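Asker: Take this structure, written in structure tokens, and hold onto it; I'll ask about it next.
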Ligand code: MIC
Ligand code: SF4
């Protein structure tokens, strides 16, 4: 077996490990963060579970830390109190980005982790099966129920050679994205093998598994080896180590071969992470802003290389350099060893250890600006400035660029880039709060501020449904299009009515008002609809707007699950060319849809009343998913089962 199969087999609750069939797995650890967490905990409370049943559940506060009004602080208070009452550990704001802290302090090789954030696969660097999911799925897993997924195929990403000086782990994953595209990983686990693996430290592996999310992959995983042991030992957690590797005769569904020695610095151009070329080919693009940080690139190793490049130099006068170390551990170590001093002296603006610029929580660039960043997504508008272009690079490229003011290949920098991994990391967990004991839990009070509104609930599927195509969209529509998130909207993650005013506005600003006026309808989309974030809001808000179904050429994994969890029909074209036969404002009827779904039909006819034709759409649902659609979502299904 390969590593993926070993972990899945050890956690299998139902199903068979054959690619594409539905399986369910036991979840050992969960994580939530604050921008998906409020909703996840409201749903958790609605399910009536008293205490979490996992080995370790974490609630992080790392996204909405720009507190420009009472809303974010209210949400923090709610998460802190609800977590404590139900047995969940709370990582306070300032402790760091969830994925970085989970890697440092919590993750354990061979375990499973489910997180309400699409970059949860970062944990794969430690040899975990770490999967991103919607908040509701995480809430259910916290209650001890298994997590259902389509059994992924496993891609063998075989690494040989060794990265050259100035070429980084980020360049490895940008190269994989260049080759496979943002939908190349859908339905797959990217498993890294080969002698090249041993040349990569845990933070480097984490950069690679983190951005597997941008491939659309279910997750990414590395073996657990001596490098893993050393990392855990340095974190004071050697007892958490166990070795894990693929059997010599392990088989895979696909092979991708990468010679690390042959790689060069890469850059993803606006507005997609797979729009990749070499830094050299991209040319000397003038930079207005450089941002270094995010869950992709904010480790101690990353920051030390950045500090080495900046040491004794000055940021280019036209560049604003922002640096956000990924965790309190990293920041604290940089401050103790003088690297922070080197950054500050060079002219860097140090921001708190949080998601920050990556999710548009501050540091929005100027009009038409070029922003060179180390994070993982450069989707249109995500920085908070629609006209800005975001370019994704390694820390080394970013730091070199900050000095020259133009996109710069860092291989020529005059700096010592040989950073040793520390023998011991600072190990201070005083920002992780333990929950109240089960005995004290009944008296623990959950604090709900006025920003926290109830979540919308779906209705059982009607016999037949009809309505207008409210919006026709292109390929690769992201959840940042469906439910944009920046510093003005993130405070309303627990307020669906307010968010609904902005749904799909980046595609068509008239959409929210039209959807409300029509009283609901359908969405039409191209390939890979709903890629990106795990935010369930991209389903909850359409549900609130009474969207009954989405017809797409294909869906991204997490978003499709979120639609089903919320009772919204995910349909694909039997014949993809039919996409062209539908237009916005066409009236559609799905006759007897309830009976068809109940019967397990794989094809659902839709009549385009406006144009006068009927075609078939695929509905590929497991039995469990069918029950969910019929009941009007997961919560209704659970409530019906408990009756
Ligand atoms: C993101 O990077 O888009 C986020 C913000 O971390 C999201 C979660 C969210 O929307 O709250 C993700 O990746 O799942
Ligand atoms: Fe935070 Fe950005 Fe990572 Fe999402 S991708 S978890 S916003 S740092």
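The values are calculated or read from the model by the stated rules, or taken from the named source; none is laboratory data. These numbers come from a predicted model, not from an experiment. Don't worry about glycine lacking a Cβ; one is built from the backbone with ideal geometry, like all the others, and counts go over all protein chains shown.
Asker: For segment 547-576, enumerate the residues that are assigned to a helix (DSSP H, G or I) and either in contact (Cβ under 8 Å) with a residue 24 or more places away in the chain or within 16 Å of ligand 2 (Cβ to nearest atom) (or both).
Answerer: Those that are assigned to a helix (DSSP H, G or I) and either in contact (Cβ under 8 Å) with a residue 24 or more places away in the chain or within 16 Å of ligand 2 (Cβ to nearest atom) (or both): 557, 558, 559, 560, 561, 562, 563, 564, 565.
Asker: Away from ligand 1 (no atom under 15 Å from the Cβ), under 19 Å from residue 139 (Cα atoms) and not in a helix (DSSP H, G or I) - does that describe any residue in segment 67-85?
Answerer: Taking every residue of segment 67-85 in turn, none turns out to be away from ligand 1 (no atom under 15 Å from the Cβ), under 19 Å from residue 139 (Cα atoms) and not in a helix (DSSP H, G or I).
Asker: Evaluate segment 537-546: report whether one residue or more is assigned to a loop (DSSP other than H, G, I, E, B) and away from ligand 2 (no atom under 16 Å from the Cβ).
Answerer: yes
Asker: So which residues in segment 478-507 are within 15 Å of ligand 2 (Cβ to nearest atom) and farther than 17 Å from residue 42 by Cβ, if there are any at all?
Answerer: Of everything in segment 478-507, those that are within 15 Å of ligand 2 (Cβ to nearest atom) and farther than 17 Å from residue 42 by Cβ turn out to be 478, 479, 480, 484, 485, 486, 487, 489.
Asker: Hey, another quick one. Please verify whether residue 380 is outside any helix (DSSP H, G or I) and within 16 Å of ligand 1 (Cβ to nearest atom), treating the condition exactly as stated.
Answerer: When the stated conditions are applied, residue 380 passes them.
Asker: Related question: So which residues in segment 364-377 are within 12 Å of ligand 2 (Cβ to nearest atom), assigned to a loop (DSSP other than H, G, I, E, B) and more than 11 Å from residue 272 (Cα to Cα)?
Answerer: Listed by number, the residues that qualify are 374, 375.
So that you can scan it fast, the table gives a plain yes or no per residue for (1) within 20 Å of the chain's Cα centre (by Cα); (2) closer than 26 Å to residue 540 by Cβ; (3) at pLDDT 95 or above:
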position	(1), (2), (3)
36	yes, yes, yes
40	yes, yes, yes
61	yes, yes, yes
64	yes, yes, yes
84	no, yes, yes
87	no, yes, yes
107	yes, no, yes
120	yes, yes, yes
129	yes, no, yes
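Asker: Can you go through 413, 393, 436 and tell me which one is away from ligand 1 (no atom under 16 Å from the Cβ) and under 21 Å from the mean Cα position of the chain (by Cα)?
Answerer: 393
Asker: Mind checking which residues of segment 236-249 are out of contact with any strand residue (DSSP E or B) (no Cβ under 8 Å at 6 or more places or on another chain) and assigned to a loop (DSSP other than H, G, I, E, B)?
Answerer: Result: 236, 237, 247, 248, 249.
Asker: In the list 115, 96, 110, which residue meets the criterion of being surrounded by fewer than 24 Cβ atoms within 10 Å (Cβ to Cβ) and within 30 Å of residue 191 (Cα to Cα)?
Answerer: 110
Asker: From the list 327, 371, pick out the single residue that is at pLDDT 95 or above and either surrounded by fewer than 21 Cβ atoms within 10 Å (Cβ to Cβ) or touching a helix residue (DSSP H, G or I) at 6+ places or on another chain (Cβ under 8 Å) (or both).
Answerer: 327
Asker: Being over 18 Å from residue 301 (Cα atoms) and either assigned to a helix (DSSP H, G or I) or within 14 Å of ligand 1 (Cβ to nearest atom) (or both) is the filter here; which residues of segment 103-112 pass it?
Answerer: 106
Asker: Quick one: which strands (runs of 3 or more DSSP E) lie wholly within segment 1-52 and hold at least 1 residues that are in contact with a helix residue (DSSP H, G or I) (Cβ under 6 Å, 6 or more places away or on another chain) and within 16 Å of ligand 2 (Cβ to nearest atom)?
Answerer: 29-32
Asker: Within segment 475-484, identify whether any single residue is over 30 Å from residue 640 (Cα atoms), more than 16 Å from ligand 1 (Cβ to nearest atom) and touching a residue at least 12 places away in the same chain (Cβ under 8 Å), and answer yes or no.
Answerer: For segment 475-484, residues over 30 Å from residue 640 (Cα atoms), more than 16 Å from ligand 1 (Cβ to nearest atom) and touching a residue at least 12 places away in the same chain (Cβ under 8 Å): present.
Asker: Answer yes or no as to whether residue 357 is within 20 Å of the chain's Cα centre (by Cα) and at negative phi.
Answerer: For residue 357, the condition - within 20 Å of the chain's Cα centre (by Cα) and at negative phi - is met.
Asker: Can you list the strands (runs of 3 or more DSSP E) found entirely within segment 119-235 that contain at least 3 residues being within 16 Å of ligand 1 (Cβ to nearest atom)?
Answerer: Passing ranges, in order: 129-132.
Asker: Right, here's the next one. Just to be sure I understand the filter: pairs with C-beta atoms under 9 Å, separated by 6 or more residues or on different chains, first member in segment 26-39 and without any contact (Cβ under 8 Å) to a residue 24 or more places away in the chain, second member within 12 Å of ligand 2 (Cβ to nearest atom). Which pairs pass?
Answerer: Cβ pairs passing all conditions: none.
Asker: Determine, yes or no, whether residue 380 is touching a residue at least 40 places away in the same chain (Cβ under 8 Å) and more than 26 Å from the chain's Cα centre (by Cα).
Answerer: So residue 380 fails the test.
Asker: Being surrounded by 18 or more Cβ atoms within 10 Å (Cβ to Cβ), at pLDDT 95 or above, part of a helix (DSSP H, G or I) and within 16 Å of ligand 2 (Cβ to nearest atom) is the requirement here; does residue 272 meet it?
Answerer: no
Asker: Suppose the filter is more than 17 Å from the chain's Cα centre (by Cα), modelled with pLDDT of 95 or more and within 13 Å of ligand 1 (Cβ to nearest atom); does residue 550 pass it?
Answerer: no
Asker: Do you know which residues across segment 353-370 are in contact (Cβ under 8 Å) with a residue 40 or more places away in the chain and away from ligand 1 (no atom under 16 Å from the Cβ)?
Answerer: 365, 366, 369, 370
Asker: Restricting attention to segment 598-620, does a residue exist that is in a strand (DSSP E or B) and in contact (Cβ under 8 Å) with a residue 60 or more places away in the chain?
Answerer: Yes, because at least one residue in segment 598-620 is in a strand (DSSP E or B) and in contact (Cβ under 8 Å) with a residue 60 or more places away in the chain.
Asker: For the structure I just gave you, tell me whether residue 187 is over 21 Å from residue 252 (Cβ atoms) and surrounded by fewer than 22 Cβ atoms within 10 Å (Cβ to Cβ).
Answerer: Judged against the criteria, residue 187 is not a match.
Asker: Filter segment 458-486 down to the residues that are more than 24 Å from the chain's Cα centre (by Cα) and part of a loop (DSSP other than H, G, I, E, B), then identify the one that is nearest to residue 582 (Cα to Cα).
Answerer: Among them, the one singled out is 464.
Asker: Among the residues of segment 500-513, are any outside any loop (DSSP other than H, G, I, E, B), surrounded by 24 or more Cβ atoms within 10 Å (Cβ to Cβ) and at pLDDT 95 or above?
Answerer: No, segment 500-513 has no match at all.
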